[in-house]
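Novice: Here you go, one structure.
The values are calculated or read from the model by the stated rules, or taken from the named source; none is laboratory data. From a predicted model like this one, the values you see are computed outputs, not experimental measurements. All Cβ positions, glycine included, derive from the backbone under ideal geometry; neighbour counts span all protein chains shown. Just the protein is used for accessible areas: all its heavy atoms, side chains included, with ligands, DNA and RNA removed. Shrake-Rupley method; radii C 1.70, N 1.55, O 1.52, S 1.80 Å.
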Amino acid sequence: MSKIRTLKGTPKHLSKTGELKEFTYLMLNLPFACNYRCIKCFNLENDNPSNEKNQQYLTLDERLTLIDQSADLGGRVVVIAGEGEPSINKSIHDIISYANRKGMVSIVYSNGSTVNEDFAKFYKENNTALVFSLDSLIPTKYDMLTQTKGMFPNAMRNIQSAVEMYGGPLLQQELEIYSIAINTTVSNMNEDEVEHIKELFGERVYFICNPLAKLGNASTYWKMFGNDEVSVTRHQEMIQRLSETGGPLTLGSDGLCGYSAWGISVSPSGEYMTCAYQTDLK
């Protein structure tokens with residue numbers, strides 16, 4: 001019998017091991033900071049941060065207290081997603097290592113550009129699953145999609161180094177549990193590359209691909225993406241075929257986000273969010 005592939009700490013993983021409880025996830029958004037200005041980003045509007053209005057951000061101690069409270073409630077996972085590049089936040093080492101000491105898995109989303117060998121080793125040693133965003137293998141297209149210049153070789157080197165360091169599955173009963181995922185957003189600009197991106201890393205990573213959301217910067221650049229009703233349908237079929245979840249990473253069989261169904265999201269300033277990717281907190 002073939003084993004079920006899953007990413008460590010995700011609802012698919014924990015539901016199979018009986019660890020998915022009424023409260024499982026703390027999605028802890030950090031203040032927006034990013035070295036990219038991706039044209040798909042929904043935390044940017046016209047290339048500028050969309051939700052920076054003199055906010056009073058949580059302190060590190062307040063974030064650690066949230067981890068304490070989550071662990072006390074039976075929380076199993078801290079998710080760092082939704083706000084730029086977490087690995088450049090000055091508190092990321094403290095947050096991840098503290099979550100690990102509390103017995104919690106961390107899931108960190110990253111563009112990979114700053115996750116060098118030492119950083120990847122730190123994440124591995126602190127029970128962290130990494131989700132790397134990768135939308136193109138063509139350097140010029142990568143630069144255009146991320147609005148960077150010359151970042152592709154460094155990002156790819158870091159991603160490949162992390163995969164070499166702790167790619168591949170941990171076997172547990174009927175499960176193959178992965179610690180690294182590649183996440184690709186599908187559009188007319190890269191649909192011809194998606195299968196190749198998946199094949200490049202083979203069986204060493206968990207692969208997810210998502211539809212493009214018409215929010216933030218993506219709304220500004222929508223005509224550049226060239227998406228229309230016909231292409232959106234085509235992309236949905238491709239995603240269903242290639243993504244190991246049939247869509248976004250935490251998508252359940254009920255079509256709902258498992259993070260939101262089994263946890264809580266907290267904004268950089270401590271407000272409740274219905275989703276870690278929510279941009280309007282009004």
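Novice: Go ahead and run the numbers for FRET between D118 and A33, Cβ-Cβ distance against an R0 of 25 Å, rounding to 0.05.
Specialist: 0.80
Novice: Determine the share of segment 1-61's accessible area contributed by carbon and sulfur atoms, expressed in whole percent, with a 1.4 angstrom probe.
Specialist: Ligands and nucleic acids excluded, carbon and sulfur reach 48 percent.
Novice: If you look for lysine pairs in segment 123-276 that are eight or more places apart or on different chains, how many of them have Cα atoms under 21 Å apart?
Specialist: Final tally of qualifying lysine pairs is 5.
Novice: When you take every Cα atom in segment 1-109, what is the radius of gyration, and what is Dmax, the widest Cα pair distance, in Å?
Specialist: Rg then Dmax for segment 1-109, in Å: 15.8, 55.
Novice: Now for a different question. I need the phi-derived Karplus couplings for segment 206-215: 6.51 cos²θ - 1.76 cosθ + 1.60, θ = phi - 60°, integer Hz, Gly and Pro marked x.
Specialist: 9, 10, 10, 9, 10, x, 6, 8, 7, 9
Novice: For segment 110-218, calculate the relative contact order in percent as a whole number, restricting contacts to Cα pairs under 8 Å that are 6 or more residues apart.
Specialist: 29 percent
Novice: Take peptides 8-17, 95-104 and line them up by average Cβ neighbours within 10 Å, highest first, as a rough protection proxy.
Specialist: Final packing ranking: 8-17, 95-104.
Novice: Oh, and also: Computing the accessible area with a 1.4 Å probe over protein heavy atoms, can you report the carbon and sulfur percentage for segment 186-226?
Specialist: Accessible surface attributable to carbon and sulfur in segment 186-226 totals 55 percent.
Novice: Return one whole number: the accessible area per residue of the chain in Å², for a 1.4 Å probe.
Specialist: Here the per-residue accessible area is 46 Å².
Novice: Looking at the chain as a GNM with Cα springs under 10 Å, which of L145, L171, L20 has the largest mean-square fluctuation?
Specialist: Residue with maximal mean-square fluctuation among L145, L171, L20: L171.
Novice: When the chain is fully extended, how far beyond the present Cα-Cα distance does I138 get from K21, taking 0.36 nm per residue of separation?
Specialist: Working it through step by step, the gained length comes to 37.9 nm.
Novice: What are the residues whose amide H is under 5 Å from the amide H of V79, where those residues sit 5 or more places off or on another chain and H is modelled from the backbone?
Specialist: Hits under the 5 Å cutoff: L26, M27, L28, I107.
Novice: Continuing with the same structure: For a quick check: with amide H placed at 1.01 Å from N, whose amide H comes under 5 Å from Y206's, ignoring anything fewer than 5 positions away on the same chain?
Specialist: Residues meeting the criterion, in which the H sits 1.01 Å from N, are I180, A181, I182.
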